[in-house]
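Some notes on the structure that comes next.
The values are calculated or read from the model by the stated rules, or taken from the named source; none is laboratory data. Predicted model only: the values in this text are computed from it and were never measured. Methodologically, a virtual Cβ is constructed for each residue, glycine included, from the backbone with ideal geometry; neighbour enumeration extends over all protein chains shown. Surface accessibility is based on the protein's heavy atoms, side chains included, excluding ligands, DNA and RNA. Shrake-Rupley method; radii C 1.70, N 1.55, O 1.52, S 1.80 Å.
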Amino acid sequence: VHLGLLVILAGGFTSGLGGHRADVPLLEGQTADVPHAAFQVRLDKFETEYYPRGEVKDWKSTVTVLENGAPVLTRVVEVNRPLSYRGFSFYQMGYGWDWDNPRLELEVRKRADAAFSKTVALKVGERAPVDDADLSHVVVRQFVPDFVIGEGNKIQSRSREPNNPAAMVEAWKGEERVFSGWIFAKYPDFGQGPADPSSPPSRHSRSGPSAFAFVLKNYSASQYSVLEAAKDPGVNFIWLGCVLVTAGLFLAFYWPPREIRVVLEEVQGKIEVTA
């Protein structure tokens with residue numbers, strides 16, 4: 001038992017001095033270097049499994065290990081089912097969406113014509129043509145998945161979850177900006193008034209309500225997986241120490257020491273065992 005405890009302590013010191021842990025976020029198809037290792041990992045596929053009622057059941061990352069650019073091993077990493085390679089273990093630690101490069105769909109409506117509706121697909125910073133006499137194109141300047149006004153009236157995202165998605169939209173008629181403001185997927189009627197006074201000034205923009213309304217119909221982004229790369233060089237010592245402690249306790253309880261007492265007496269000048 002004492003020997004096992006000493007081995008466990010030695011394993012703890014070894015892990016503390018030589019162990020490494022680092023998060024490795026990966027998009028599908030992306031390859032990343034593993035910190036403190038001479039190989040790389042690539043995320044081939046990431047999927048989320050759900051129960052029939054909609055709760056998350058499992059996250060699965062199909063990961064390929066590469067050495068000198070050549071694949072050597074492919075495994076599926078799940079929660080509580082890590083991938084082990086060359087002393088490193090890769091755990092499924094988290095996931096998220098790449099909201100820096102979302103794919104958006106906007107519906108453009110004309111207030112004076114209820115029959116007018118056009119859906120455009122675009123990314124942040126792209127121009128999407130509308131081809132209307134009163135509106136030439138729209139641009140999304142910014143997208144946040146969880147809109148909130150922070151300190152100093154700064155627009156920011158409260159989290160990486162799409163709880164309150166919003167897009168900063170500009171609409172142009174040639175060189176004249178006719179609309180600038182935030183639109184919200186869950187509150188489509190909010191913010192459809194005059195040009196946003198907090199937006200950058202333009203000598204071509206005009207004030208007053210816009211003749212068009214904009215609806216954030218759809219938003220999507222690539223999911224990424226977060227793997228934890230962990231190297232624990234003392235883990236074998238710790239397991240060995242646990243085995244020794246278990247063996248010592250087993251011997252202590254199931255093979256107890258026995259004590260034999262004898263009585264020695266001197267009888268006629270001789271020592272004899274009498275009991």
Matching residues in region 108-138 - criterion: being under 14 Å from L216 (Cβ atoms) and either of a type outside the set (G, A, S) or buried (at least 17 other Cβ atoms within 10 Å of the Cβ) (or both): V108, R109, T119, V120, L122, K123, V124, A128, V138
Considering residues of region 139-191 that are without any contact (Cβ under 8 Å) to a residue 24 or more places away in the chain and aliphatic (A, V, I, L, M) only, the residue surrounded by the fewest Cβ atoms within 10 Å (Cβ to Cβ): I149
Every residue from region 33-50 that is of a type in the set (S, T, Y) and under 14 Å from the mean Cα position of the chain (by Cα): T48
1 or more residues out of contact with any Pro (no Cβ under 8 Å at 6 or more places or on another chain) and within 18 Å of T119 (Cα to Cα): qualifying strands (runs of 3 or more DSSP E) within region 134-193: 135-144, 166-173, 176-184
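Yes or no, residue by residue, for (1) within 30 Å of K186 (Cβ to Cβ); (2) open to solvent by 100 Å² or more (accessible area, probe 1.4 Å):
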| position | (1), (2) |
| --- | --- |
| L216 | yes, no |
| Q223 | yes, no |
| D232 | no, no |
| L249 | no, no |
| I260 | no, yes |
| V263 | no, no |
Of residues in region 10-28 being open to solvent by 60 Å² or more (accessible area, probe 1.4 Å) and in contact (Cβ under 8 Å) with a residue 40 or more places away in the chain, the one nearest to C242 (Cα to Cα): F13
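What number of residues in region 14-44 are of a type in the set (A, V, I, L, M), farther than 16 Å from E67 by Cα and not in a strand (DSSP E or B)? Lay out the reasoning, then the answer.
In the first step, residues of region 14-44 are kept if they are of a type in the set (A, V, I, L, M); the result is 17, 22, 24, 26-27, 32, 34, 37-38, 41, 43.
Filter once more, keeping what is farther than 16 Å from E67 by Cα: 17, 22, 24, 26-27.
Within this subset, residues satisfying the condition of being not in a strand (DSSP E or B) are 17.
Result for region 14-44: 1.
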Selection within region 71-104 - open to solvent by less than 50 Å² (accessible area, probe 1.4 Å) and farther than 30 Å from D146 by Cβ: L73, L83, Y85, F88, S89
